[in-house]
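**Student:** Got a structure here, written out as structure tokens. Questions coming.
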Amino acid sequence: MDAAEKSGVSSASQQDNGLIDEQRMADGLALRLRRWPLADAKCAVLIVHGLGEHSGRYAHVAAWFRQRGFDVLSYDQRGHGETAGPRGALKHEDDLLTDLTAVYNEYATKHARAPLLLGHSMGGLVAARTVLDGRIKPGAMMLTSPALRSWSGAGMRKLAHVLASLLPNLPLSNGLKVDNLSHDSAVIEAYRNDPLVFSKITPRLADFIFSAGEASIADAAKLPVPTLLLVAGADKLVDPAGSTTFATAASSNGRLTTRHFAALYHELMNEAEPARTQVMKQMGDWLDRLPD
């Protein structure tokens, strides 16, 4: 057995959309990884995608980071993309946190400095909750439209909690308003035609999102690392009020920087130009201010 096999990481094969790799979790599930390596990188960043999508949708974000001197890694969360298993299903409510912890810690062993963490939507929630739990401590964290609060009412949240015990992996529609992902029609068309994108969610995953979002807001004052929070004010997929409440709660510790984009939709890094460039500039300016 070679070193890669011992660590649970396969040898990588070249793909147009990054280097395809995998990492095996403690329960035996192999997560699909995508690497965008950069020789002599000054730092590294791990990207965590959102509900129903996959790491391949972040190739342009990876390219942006590489231009700034970053090595980049992303992965398909369990039940997503090219990672095996029922779509949107979890064995345990904290599976996504455990997976991120394992992927981040393995990635960190390859770099002298703690990698940064970027999470979008559900991935932003997973990133925030994992960091707030003290499972990992990235060099810094970026959250774009994190799913800290949903538009679902109290009745739907209660139903998800009950079904999480009775029928935890029952496939249900996730109800995402795809037309409101971005103002860029090409982004919408590509999303609809992407064979790796799906529109289902399970009660256990929904219950995790609801409960972890509220818990993260409650713990926001404990934020342990410099964090950039990007909020889409016209978001119709997650309730931006969750981010606003999180920002208010975290304001006392001085580690959070918040940027609001009042007219923009959910996928800030996929918005129509010139908004997309403006969003990325805010990210770049914040990265430039981080201590070496």
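Throughout, read-outs are computed from the coordinates displayed, never taken from laboratory work. Note that this is a predicted model, so its numbers are computed, not measured. As a convention, Cβ positions derive from the backbone with ideal geometry for all residues, glycine included, and neighbour counts pool all protein chains shown.
**Student:** What does the C-alpha gyration tensor say about the overall shape of segment 154-283? Classify as rounded when a/c is under 1.5, otherwise prolate if a/b is larger than b/c, or oblate.
**Tutor:** Cα axes put segment 154-283 in the oblate bin.
**Student:** Once the piece of chain linking Lys236 and His92 is laid out straight, how much longer is it, given 0.36 nm per residue of separation minus the C-alpha distance between them?
**Tutor:** So the extension gain works out to 49.0 nm.
**Student:** While we're here: Just want the answer: with Cβ charges of +1 for Lys and Arg and -1 for Asp and Glu, which residue in Pro240, Leu181, Gly123 is farthest toward the dipole's positive end in the chain?
**Tutor:** Pro240
**Student:** Exposure proxy check: Val162, Val178, Val48 ranked by fewest other beta carbons within 10 Å? Walk me through the intermediate numbers first.
**Tutor:** Details: Val162 11, Val178 15, Val48 27.
Neighbour counts put them in this order, fewest first: Val162, Val178, Val48.
**Student:** Using 7 Å Cα-to-Cβ label points, what is the Thr101/Leu159 separation (nm, one decimal)?
**Tutor:** 3.3 nm
**Student:** Here's another thing I want to ask about it. Decide, for segment 63-132, between rounded, prolate and oblate: order the square roots of the alpha carbon gyration tensor eigenvalues as a ≥ b ≥ c, take rounded if a/c falls under 1.5, and otherwise choose prolate if a/b is larger than b/c, else oblate.
**Tutor:** In terms of gyration-tensor shape, prolate.
**Student:** Right, here's the next one. Quick check on the exposure proxy: order Arg24, Arg276 from fewest to most C-beta atoms within 10 angstrom.
**Tutor:** Arg24, Arg276
**Student:** Where the only charges are on Cβ atoms (+1 Lys, Arg; -1 Asp, Glu), what is the dipole of segment 136-217 about its Cα centre, to the nearest 20 debye?
**Tutor:** That gives a dipole near 320 debye.
**Student:** Dipole magnitude of the chain about its Cα centre, charges +1 at Lys/Arg Cβ and -1 at Asp/Glu Cβ only, in debye to the nearest 20?
**Tutor:** Numbers: 31 positive and 32 negative charges, 94 e Å.
My answer is approximately 440 debye.
**Student:** Between rounded, prolate and oblate, where does segment 212-278 land on the alpha carbon gyration tensor, with a ≥ b ≥ c its root eigenvalues, rounded for a/c under 1.5, else prolate if a/b exceeds b/c?
**Tutor:** Details: a/c = 2.70, a/b = 1.72, b/c = 1.57.
Cα axes put segment 212-278 in the prolate bin.
**Student:** Viscosity 1.567 mPa s, temperature 4 °C: Stokes-Einstein D of segment 138-221 from its Kirkwood Cα radius, in µm² per second? It would help to have the intermediate numbers written out before the result.
**Tutor:** Values: Rh = 14.8 Å.
It comes out at roughly 88 µm²/s.
**Student:** Across the chain, how many lysine pairs, 8 or more positions apart or on different chains, have C-alpha atoms separated by under 23 Å? Please give the number.
**Tutor:** Lysine pairs satisfying the spacing and distance rule in the chain number 14.
**Student:** With the dipole of the chain worked out from charges on the C-beta (+1 for Lys and Arg, -1 for Asp and Glu) around the Cα centre, which of Leu268, Leu256, Leu196 lies farthest toward the positive end?
**Tutor:** Ranked along the dipole, the leading option is Leu256.
**Student:** Once every DSSP H run of n ≥ 4 in the chain is given -39500 (n - 2.57) and the sum is divided by its residues, what mean residue ellipticity at 222 nm do you get, rounded to the nearest 500 deg cm²/dmol?
**Tutor:** -11000 deg cm²/dmol
**Student:** When the convex hull of the Cα atoms of the chain is projected onto a plane and the area is averaged over all directions, what value comes out in nm²?
**Tutor:** One quarter of the hull surface, i.e. the mean projection, equals 14.4 nm².
**Student:** Pop the C-beta distance of Leu196 and Met25 into the FRET formula with R0 = 25 Å and round what comes out to the nearest 0.05.
**Tutor:** 0.80
**Student:** Another question about this same structure. What full-extension length gain, to one decimal in nm, is calculated for Asp133 and Leu167 as 0.36 nm per residue of separation minus the Cα-Cα distance?
**Tutor:** 9.5 nm
**Student:** Comparing Leu19, Leu31, Leu73, which has the greatest mean-square fluctuation in the GNM of the chain with Cα pairs linked when under 10 Å apart?
**Tutor:** Of the options given, Leu19 has the highest mean-square fluctuation.
**Student:** What dipole magnitude, in Debye to the nearest 20, does segment 113-158 give about its Cα centre under +1 on Lys/Arg Cβ and -1 on Asp/Glu Cβ?
**Tutor:** For segment 113-158, the charge dipole is close to 120 debye.
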